[in-house]
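Report on the following structure.
The values are calculated or read from the model by the stated rules, or taken from the named source; none is laboratory data. These numbers come from a predicted model, not from an experiment. Positions of Cβ are backbone-derived with ideal geometry, glycine not excepted, and every protein chain shown enters the neighbour counts. SASA here: full protein model, heavy atoms, side chains in, ligands and nucleic acids out. Shrake-Rupley method; radii C 1.70, N 1.55, O 1.52, S 1.80 Å.
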Amino acid sequence: MLKLDLVTIIGTVVNLLILYFLMKKFLFGRVDKILEQRQKAVDEQFKKASDAAAAAAAQQEKLTQLEAQTRQKQADILKETAQKADAEYKSIVDAAGEKAKAMQSAAEDEIQKKHDDMMKRAEKEVAQMAVEAADRITAKQTGPDVDSRLYDEFIRETGEKD
């Protein structure tokens, strides 16, 4: 049977305490150091990841701001370009209108000048034909009988008009 002696119990307790201190010094100390090193490595990796995430978030914010600024500049440039194009269009249309008015005025002046010239030539030709006709009539019909007859017709026509 199993006997329990005080010496055996004290010896077992002393053996367990010696075993515990030896294990603690040689085994658990090394294991604790390895676990502590691994914990530090994991903490460093978490810190690096956290820093990288913060840097990425800051970079993302900068990119978002830069994109907004770029869009604003693009809108401003488009607006300014549209205004310049509109002003250029109006300028071209106004210049073309003025040029067309000047051309129309010049054409009207030219037409009026040609009309006046034609009227003067026509008047000269009519006058010349009238003179030639009068010369022919007077050349063919000369004499006292013709003069008397023309005088009588003139008197009759002026008398009828009065």
ask   = At q = 0.15, 0.26 Å⁻¹, what base-10 log of I(q)/I(0) does the Debye formula yield for the stretch 54-129 when every alpha carbon is treated as an equal point scatterer in vacuo?
value = -0.77, -1.05
key: Computed E for GLN60/ALA82 - FRET, C-beta separation, R0 30 angstrom, nearest 0.05   = 0.40
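With charges only on Cβ, +1 for K and R and -1 for D and E, what is the dipole size of the chain about its Cα centre, in debye, rounded to 20?
Working: 27 positive and 30 negative charges, 643 e Å.
Roughly 3080 debye, rounded to the nearest 20.
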message = With angles folded into 0 to 90 degrees, how steeply does helix 144-161 sit against the dominant principal axis of the chain? Use alpha carbons for both and round to 10.
response = 60 degrees
0 to 90° range, to nearest 10: angle between helix 6-22 axis and the chain longest Cα axis = 30 degrees
request  = Just grab the label-to-label distance for LEU17 and ALA96, each label 7 Å out from Cα along the Cβ direction, in nm (one decimal).
outcome  = 11.3 nm
note = Rounded to a whole %, the carbon-and-sulfur portion of the accessible area of the stretch 27-136 at a 1.4 Å probe is 58 percent
message = Treating only the Cβ of Lys, Arg, Asp and Glu as charged (+1, +1, -1, -1), what charge dipole size does the stretch 6-78 show about its Cα centre? Round to the nearest 20 debye.
response = 340 debye
ask   = For GLN37 and GLN112 in one chain, what is 0.36 nm times their gap in residues minus the Cα-Cα distance, to one decimal in nm?
value = 16.0 nm
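After finding the eigenvalues of the alpha carbon gyration tensor for the chain, what semi-axes result from the square roots of 5 times each, listed largest first in whole Å? Display every interim value, and only then the final one.
Numbers: eigenvalues 4081, 33, 17 Å².
Semi-axes from the Cα gyration tensor: 143, 13, 9 Å.
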query = What value, in deg cm²/dmol to 500, does the helix sum -39500 (n - 2.57) over DSSP H runs of n ≥ 4 give at 222 nm once divided by the residues of the chain?
reply = -34000 deg cm²/dmol
message = For a Förster distance of 35 Å, can you work out the FRET efficiency between the beta-carbons of ARG121 and SER148, rounded to the nearest 0.05?
response = 0.40
message = In Å², and per residue, what accessible area does the chain have when probed at 1.4 Å with the other protein chains present?
response = 95 Å²
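Nearest 20 debye, what's the magnitude of the dipole of the stretch 87-130 about its Cα centre given +1 on Lys and Arg Cβ and -1 on Asp and Glu Cβ? Write out the running numbers ahead of the final one.
Values: 8 positive and 10 negative charges, 20 e Å.
Using Cβ point charges on Lys, Arg, Asp and Glu, the stretch 87-130 gives about 100 debye.
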request  = In a Gaussian network model over the chain where Cα atoms closer than 10 Å are linked, find which of LYS101, LYS124, LYS90 has the largest mean-square fluctuation.
outcome  = LYS124
message = I'd like to know which of THR70, ALA58, GLN83 lies farthest towards the positive end of the charge dipole of the stretch 29-86, counting +1 on Cβ of Lys and Arg and -1 on Cβ of Asp and Glu.
response = ALA58
